[in-house]
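Below is one structure, written out as structure tokens; comments come after it.
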Amino acid sequence: MAEPLLEVKDLKVSFRTEDGVVRAVDGVSFTVDQGEVLGIVGESGSGKSVTMMSVLRLINDPNMQVEGEVIYKGRDLMKLHKNEMQEVRGDEIAMIFQDPMTSLNPVYTVGDQIIEAIVTHQELHKAAAKNRAIELLRQVGIPDAEARVDDFPHQFSGGMRQRAMIAMALSNNPDVLIADEPTTALDVTIQAQIIELIDKLKDEFNSAVILITHDLGVVAEIANEIIVMYAGRVVERAPKRQLFYDPQMPYTWGLLGSIPRLDRPKQERLHSIKGMPPSLINAPEGCRFRPRCPHAFDKCAEEPELLNRVDDHDHLDRCWLTVPDKRRLREETISGEEAA
């Protein structure tokens, strides 16, 4: 059996603060293969972005401690020298950041910033790199790319800036493309275009894509596998179809219940998950979702492992409820019939 393109093993990321140790990522593991799309979903603060920024070693904090392995093409990225990691970052593994307005330098043209990404990793003259930048802008749907390549970021709309970020990320044909909330602050039409574009470019470049989002609807079309994170941990992991049609974790039910459904009667209010995410300094004992879970019982005070509890061996979750109880309670939650 072939080795996965990227394998994260028991990744733990913590930060020392005056109030205590923040365990932002607590034992996250996953794999992704060439040409596949992995969706990572969860509320803000669940550890999604910290996980992937740690994979790329983009967090430079003296109070940070990292444990675990990140195996990429047989090498542990956590053990690479800074210069070796610089060669991987942006060339073999690239990232589309959440806010293109703060990620793009406002005093340089969009074209210059794409050119810099190209010449850093490729032996190209600036003229050839500029032609490549124009080609990339055209490829991601920027009209009149020959003229717009010399524009500054503030001259682009939000959707165009996001497309420019995608062009920059794809400039060196990376094997792994990490997209961190690529549709944030965009209207729904542009959101759909950006997701379609990422899916199209994934096929053209045969890249693996890791799509980080808080919205299950965003990954519904293109993901092969979905990871649900809560309070720094993976609480459910499954192929897309199994996760949408047979979700096992009450937290996942809450995320699904907050999405408008066309196949159900219209509700006056969408389902919401009550309460707030827990402190990552003093996490709850047992199941971390227990304080917010309407179905919690005595067993939930014990910590559940991420295990297969259904017939499908690729479907893992952290919930003590029996499978029949899960399926009955899930329908009540997602349909909005659960008592307030």
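Ser258 to Lys12: FRET efficiency via 1/(1 + (r/R0)^6), r the Cβ-Cβ distance, R0 25 Å, to the nearest 0.05? Step by step, r from the Cβ atoms, then E = 0.30. Above 18 Å, the calculated P(r) of the range 23-161 contains 65 percent of its Cα-Cα pairs.
For Leu329 and Arg138, calculate 0.36 nm times their separation in residues minus their Cα-Cα distance, and state this gained length in nm to one decimal.
This chain segment gains 63.9 nm when fully extended.
Helical content of the chain, expressed as a calculated mean residue ellipticity at 222 nm, amounts to -9000 deg cm²/dmol (DSSP H runs of 4 or more residues, -39,500 (n - 2.57) each, divided by residue number, nearest 500). Suppose R0 equals 22 Å. What FRET efficiency, 1/(1 + (r/R0)^6) with r the Cβ-Cβ distance, do Arg75 and Glu123 give to the nearest 0.05? Efficiency computed from Cβ-Cβ geometry: 0.45.
Largest mean-square fluctuation among Val55, Val209, Val107, in a Gaussian network model of the chain whose springs join Cα atoms under 10 Å apart, belongs to Val107.
Annotation: extensible slack from Glu43 through Ser272 equals 81.3 nm (criterion: 0.36 nm per residue apart, minus Cα-Cα distance). Each listed q (0.11, 0.14, 0.19, 0.23 Å⁻¹) maps to a log10 I(q)/I(0) for the range 61-132 from the Debye sum over equal C-alpha point scatterers, namely -0.40, -0.63, -0.98, -1.13. Axis angle, to the nearest 10 degrees, between helix 158-169 and the longest C-alpha principal axis of the chain: 80 degrees. Put a dot 7 Å past the Cα of Phe205, heading toward its Cβ, do the same for Glu285, and the two dots end up 4.8 nm apart.
What separates the Cα centres of the range 144-208 and the range 56-75 is a distance of 26 Å.
Take the alpha carbon atoms of the range 2-36, find their center, do the same for the range 102-128, and report the distance between the two centers in whole angstrom. A separation of 30 Å, based on Cα centres.
Other residues whose C-beta falls under 15 angstrom from the C-beta of Leu11 contribute a net charge of +2, scoring Lys and Arg +1 and Asp and Glu -1. Both radii come from the Cα set of the range 162-220: Rg as radius of gyration, Rh as Kirkwood radius; their ratio Rg/Rh reads 0.93. Taking label points 7 Å from Cα along the Cα-to-Cβ direction, Met85 and Asp19 give a separation of 2.7 nm.
When the alpha-carbon atoms of the range 148-261 are used, the pair Rg, Dmax equals 15.6, 50 angstrom. With N counted as the residues of the range 89-196, its alpha-carbon radius of gyration over 2.2 N^0.38 Å works out to 0.98.
Taking other residues whose beta carbon is less than 14 angstrom from the beta carbon of Glu305, and scoring Lys, Arg as +1 and Asp, Glu as -1, yields 0. Of Trp253, Trp320, the order by accessible heavy-atom surface (1.4 Å probe, DNA, RNA and ligands excluded), from most exposed downward, is Trp320, Trp253. What residue among Pro247, Ala231, Thr213 has its Cα farthest toward the positive end of the dipole of the range 212-257, where the charges are +1 on Lys, Arg and -1 on Asp, Glu, each on the Cβ? Going by the charge dipole, the pick is Ala231.
Put simply, the Cα atoms of the chain extend 67, 47, 46 Å along their principal axes, the longest span coming first.
Given a 10 angstrom Cα cut-off, can you work out which residue in Pro304, Pro324, Pro277 is the most mobile in a GNM of the chain? Greatest mean-square fluctuation among the candidates belongs to Pro324. The local environment of Val66, defined by Cβ-Cβ distances under 15 Å, has a net charge of +1 under the rule Lys, Arg +1 and Asp, Glu -1. Residues whose amide H lies under 5 Å from that of Arg309, counting only those 5 or more places away or on a different chain, are Asp317; hydrogens are built 1.01 Å from N in the peptide plane. For the peptides 92-104, 73-85, residues were scored by their other Cβ atoms within 10 Å and the scores averaged per peptide; the highest-first order is 92-104, 73-85.
Of Lys73/Lys200; Lys82/Lys240; Lys73/Lys240; Lys48/Lys326; Lys48/Lys299; Lys79/Lys274, which pairs sit farther than 32 Å apart, going by alpha carbon to alpha carbon? Check vs 32 Å cut-off fails for Lys82/Lys240; Lys79/Lys274. Dimensions of the range 175-325 along the principal axes, based on C-alpha atoms and rounded to the nearest Å, stand at 50, 40, 35, largest first. Could you calculate the FRET efficiency of Phe152 with Asp314 from 1/(1 + (r/R0)^6), where r is the beta carbon distance between them and R0 is 51 Å, rounded to 0.05? Rounded to the nearest 0.05, the efficiency is 0.65. All C-alpha to C-alpha distances of the range 11-64, sorted into 10 Å bins beginning at zero, yield P(r) values of 20, 53, 22, 5, 0 percent in whole numbers. For the chain, the Cβ-based charge dipole about the Cα centre amounts to some 480 debye (Lys, Arg positive; Asp, Glu negative; other atoms uncharged). Give the value in nm², to one decimal: projected area of the alpha carbon convex hull of the range 146-188, averaged over all directions. So the Cα hull casts an average projection of 3.9 nm².
The values are calculated or read from the model by the stated rules, or taken from the named source; none is laboratory data. These numbers were taken from a predicted model, which means no experiment stands behind them. Glycine gets a Cβ as well: all are built from the backbone with ideal geometry, and neighbour counts include every protein chain shown. Heavy atoms of the whole protein, side chains included, go into the accessibility calculation; ligands, DNA and RNA do not. Shrake-Rupley method; radii C 1.70, N 1.55, O 1.52, S 1.80 Å.
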